[in-house]
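Here's the structure, in structure tokens; my notes come after.
The values are calculated or read from the model by the stated rules, or taken from the named source; none is laboratory data. Because the structure is predicted, anything quoted here is derived from the model rather than measured. Cβ sites come from the backbone with ideal geometry, for glycine too, and all protein chains shown count toward neighbours. Please note that ligands, DNA and RNA were not included when accessible areas were found on the heavy atoms of the full protein model with its side chains. Shrake-Rupley method; radii C 1.70, N 1.55, O 1.52, S 1.80 Å.
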Amino acid sequence: MASILAPDRLGPTVCVGEILVEIVATTVGDGFKEAQPLVGPYPSGAPAIFISQCGRLGGSSAMVGAVGDDDFGRVNTDRLKRDGVDVSTIAIDSDYPTGSAFVRYRKDGSRDFVYNIATSAAARFGWSDNVRRLIERTGHLHVMGSALSVPSAREVIDQAVDIVKARGGSLSVDPNIRKELKLDAATERRFATLVAAADLLLPSGEELERAAGVEGEANAIRRLFEIGVKEIVLKRGADGATYFDKDGNRIDAPAFIVEEVDPTGAGDCFGGAYLTCRRLGMSPEESLTYASAAGARNVTVRGPMEGAGTRQELDAFISSTERRS
């Protein structure tokens with residue numbers, strides 16, 4: 001099946017949104033109401049994790065966002081540069097610190113987050129001549145739902161979608177809207193518009209139904225294709241992933257069997273790998289294999305993008321790791 005996404009040669013995949021450091025509690029429990037040991041900082045932010053994986057796999061990639069003029073910011077820009085990501089449109093803010101996220105895991109595997117995004121550098125960027133020049137040569141725009149809580153990201157995304165689409169580029173959307181990140185009515189409408197314009201939708205679990213506005217997997221899939229989505233890849237965690245297209249084709253990919261250390265960033269690595277493989281001309285089945293490997297490999301290491309793999313690393317992982325039947 002030919003890819004419905006613009007080829008890599010048209011221009012880079014661009015992500016717009018929050019860039020953070022992540023600090024992780026090493027104890028399991030509820031929240032942060034008592035002193036406890038922490039590890040980090042790790043480079044993070046869903047858009048940054050996604051674009052890191054794109055770059056590591058050899059896809060042309062760039063990031064639009066902002067960090068503070070501090071070590072936390074340099075942790076992020078240095079990592080993205082090493083991963084092959086164009087960081088020329090990451091603004092350096094001298095007045096506000098780099099955004100942060102503190103994470104603690106509960107016994108059931110769910111997580112508590114304490115974010116500083118709105119009053120950090122992560123929220124202080126916008127449309128500029130530098131950003132415009134990047135968007136005018138962009139081949140694919142990827143939007144994370146979490147970025148829609150950041151007004152500056154919304155400003156860039158609103159302008160970028162039309163420019164990228166007009167030059168024959170494509171759009172992907174990962175709903176990725178956590179319960180801690182509430183959206184107002186206007187942003188919910190913007191989210192619905194983006195979903196309808198998406199060439200590729202990358203939901204996890206219940207995000208599928210939220211994006212479709214109807215209940216039930218089959219109903220949601222049908223509704224999303226009716227409103228204009230062209231390809232859907234549903235991330236099912238330990239249950240694998242499923243590809244759907246508007247012609248009724250379905251491919252189920254089993255998950256790799258790994259020992260989970262830190263699940264944060266798994267879905268972002270999965271999406272970055274799948275998108276990059278498709279833009280590089282791989283089939284949905286092959287792309288799903290690399291995506292599943294990227295997500296699984298990432299959870300074996302503490303830190304949200306520490307396990308993101310190169311093509312060579314993922315090939316080795318695939319050949320040496322058992323998959324669920």
Points 7 angstrom from Cα along the Cβ direction at Asp239 and Ser88: gap in nanometres?
4.5
When DSSP assigns beta bridges and you keep just the ones with both residues in the chain, what percent turn out antiparallel, to the nearest 5?
45
In terms of solvent-accessible area of protein heavy atoms at a 1.4 angstrom probe, what is the ranking of Ile51, Ile227, highest value first?
Ile227, Ile51
With label points built 7 Å along Cα→Cβ from the Cα atoms of Glu206 and Ile227, find their separation and express it in nm.
1.8
Counting only protein heavy atoms, what percent of the accessible surface of the chain is carbon or sulfur at a 1.4 Å probe?
48
Qualifying aspartates and glutamates (Cα of each under 20 Å from Cα of Lys81; at least 8 residues distant if same chain):
Asp8, Glu18, Glu22, Asp69, Asp70, Asp71, Asp93, Asp268, Glu306, Glu313
Summing -39500 (n - 2.57) over the DSSP H runs of n ≥ 4 in the chain and dividing by its residue number, what mean residue ellipticity at 222 nm do you reach, to the nearest 500 deg cm²/dmol?
-11000 deg cm²/dmol
Can you tell me the FRET efficiency between Thr27 and Ile4 if r is taken as the Cβ-Cβ distance and R0 is 56 Å, rounded to the nearest 0.05?
0.80
Hey, which aspartates and glutamates would be in cross-link range of Lys33, C-alpha to C-alpha under 12 Å, not counting anything within fewer than 8 residues on its own chain?
Asp112
Can you tell me the accessible area per residue over region 65-204, all protein chains present, probe 1.4 angstrom, in square angstrom?
42
Place a +1 charge on the Cβ of each Lys and Arg in region 1-66 and a -1 charge on the Cβ of each Asp and Glu, then give the dipole magnitude about the Cα centre in debye, rounded to the nearest 20.
240
Order of 113-121, 245-253 by packing, highest average Cβ count within 10 Å first?
113-121, 245-253
For the chain, what does the alpha-carbon gyration tensor say about shape, rounded, prolate or oblate, given a ≥ b ≥ c as the root eigenvalues, a/c under 1.5 as rounded, and a/b over b/c as prolate?
rounded
Which value, in Å², gives the accessible area per residue of region 207-325 when a 1.4 Å probe is used on the protein heavy atoms?
43
